[in-house]
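**Student:** Can you read through this structure? Questions will come right after.
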Amino acid sequence: MIVQKYGGSSLANAKKIKSVAVQVANAKKRDNNVVVIVSAMGKTTDNLIKLAYKVSGRPNEREFDRLLSTGEIVSSALLVMALKSLKYDAVSLTGAEAGIQTDANFTRARIQKVEPRRILKELKQEKIVVVAGFQGITKQRDITTLGRGGSDVTAVILAVALGAEICEIYTDVEGICTADPRIVPEARRLEQISYEEALELASCGAEVIHPRAVELGWHYKIPILVASSFSNNPGTIICSF
């Protein structure tokens, strides 16, 4: 079982989606079961937020979440199309179809339960499963979103639910560094970092990974790899020492 997550910068356009499809296909060659979680393409979420505020000065939260959830659905469908063009059988699922149940706190929902029966069913049919991150569904069947960066949370909680040994998060950075390399040129990439240190960095504003995702990894003791989808750099492992 391998669980991978790709951020918006990794899926920003058709060329990058095709590149991610090749990376996912290579993972399928190495492992029998592959589950991929995707963010919205590039600045899609930002653009949807701007659009919402153009039509309403105070968007209804339920409809706001329904709108924002579409970005990840687009990414998941396009990635599956790219995988099928490579002759790999794949299927896209929404957060609801993937069995992610949340509370009713729209725009900042918390996951309450994961029932990945549909994912397991598709995996048994040798399919690559691509899940729209950042979203879930309430008991009342309303769509919710998990807050900005919530696809990281989706990835870790699904890795836990599916019994994966590691959760791989791919983004536009080559791992976690000693400082922001854009500000400190001599910053170096860390091969490993503890959950506690990673949580502190994430809580202080480092945008490499969502703090809640680190908390979940720490609680369930599942290692998290943070790496670049644009290079072969080994990235950084967040784990217990």
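**Student:** Assuming LEU83 fulfils every condition listed in (1) part of a loop (DSSP other than H, G, I, E, B); (2) out of contact with any Pro (no Cβ under 8 Å at 6 or more places or on another chain); (3) at pLDDT 95 or above apart from one, which condition is it?
**Tutor:** So LEU83 meets the others, but not (1).
**Student:** Further question on the same structure: How many residues are of a type in the set (Val, Ile, Thr) and farther than 22 Å from ALA40 by Cβ if we restrict to the range 105-163?
**Tutor:** Qualifying residue count for the region: 1.
**Student:** Something else now. Name every residue in the range 73-119 that is within 17 Å of ALA14 (Cβ to Cβ), within 17 Å of the chain's Cα centre (by Cα) and surrounded by fewer than 20 Cβ atoms within 10 Å (Cβ to Cβ), in order of residue number.
**Tutor:** Correct list: ILE73, VAL74, ALA77.
**Student:** Here is a list of conditions, (1) within 24 Å of GLY175 (Cβ to Cβ); (2) crowded, with 18+ Cβ neighbours inside 10 Å, and ASP65 meets all of them except one; can you say which number that is?
**Tutor:** (1)
**Student:** Quick one: how many residues across the range 190-211 are over 23 Å from ASN233 (Cα atoms) and exposed (fewer than 14 other Cβ atoms within 10 Å of the Cβ)?
**Tutor:** 4
**Student:** Continuing with this model, one more query. Which of the residues spanning the range 185-209 are of a type in the set (A, V, I, L, M), in a loop (DSSP other than H, G, I, E, B) and within 27 Å of ILE17 (Cβ to Cβ)?
**Tutor:** ALA206, VAL208, ILE209
**Student:** Restricting to the range 49-76, what's the tally of residues that are out of contact with any helix residue (DSSP H, G or I) (no Cβ under 8 Å at 6 or more places or on another chain), in a helix (DSSP H, G or I) and in contact (Cβ under 8 Å) with a residue 40 or more places away in the chain?
**Tutor:** 6
**Student:** While we're here: Answer yes or no as to whether ALA104 is modelled with pLDDT of 95 or more, part of a loop (DSSP other than H, G, I, E, B) and touching a Ser or Thr at 6+ places or on another chain (Cβ under 6 Å).
**Tutor:** When the stated conditions are applied, ALA104 passes them.
**Student:** Given the range 121-167, what strands (runs of 3 or more DSSP E) lie entirely inside it while holding 2 or more residues that are touching a residue at least 24 places away in the same chain (Cβ under 8 Å), buried (at least 17 other Cβ atoms within 10 Å of the Cβ) and out of contact with any helix residue (DSSP H, G or I) (no Cβ under 7 Å at 6 or more places or on another chain)?
**Tutor:** Where strands (runs of 3 or more DSSP E) fall fully within the range 121-167 and carry at least 2 residues being touching a residue at least 24 places away in the same chain (Cβ under 8 Å), buried (at least 17 other Cβ atoms within 10 Å of the Cβ) and out of contact with any helix residue (DSSP H, G or I) (no Cβ under 7 Å at 6 or more places or on another chain), they are 135-137.
**Student:** In addition: Is it the case, given these coordinates, that ARG66 is basic (Lys, Arg) and out of contact with any strand residue (DSSP E or B) (no Cβ under 6 Å at 6 or more places or on another chain)?
**Tutor:** no
**Student:** May I ask you to list pairs of residues, at least six apart or on different chains, whose Cβ atoms are under 7 Å apart, with the first in the range 1-23 being closer than 18 Å to LEU158 by Cβ and the second being of a type in the set (Asp, Glu) and part of a helix (DSSP H, G or I)?
**Tutor:** LYS5/ASP152
Conditions (1) under 15 Å from ALA227 (Cα atoms); (2) touching a His at 6+ places or on another chain (Cβ under 6 Å); (3) not in a strand (DSSP E or B), marked per residue:
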residue: GLN4; (1), (2), (3): yes, no, no
residue: SER10; (1), (2), (3): yes, no, yes
residue: ILE17; (1), (2), (3): no, no, yes
residue: VAL20; (1), (2), (3): yes, no, yes
residue: GLN23; (1), (2), (3): yes, no, yes
residue: LYS28; (1), (2), (3): no, no, yes
residue: GLY42; (1), (2), (3): no, no, yes
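**Student:** Can you tell which of ARG212, ARG182 is under 19 Å from the mean Cα position of the chain (by Cα) and either farther than 23 Å from LEU79 by Cβ or outside any loop (DSSP other than H, G, I, E, B) (or both)?
**Tutor:** Answer to the selection: ARG212.
The values are calculated or read from the model by the stated rules, or taken from the named source; none is laboratory data. Here the structure is a predicted model, which means the values were calculated and not measured. Quick reminder, even Gly has a Cβ in these numbers, built from the backbone with ideal geometry, and neighbours come from all protein chains shown.
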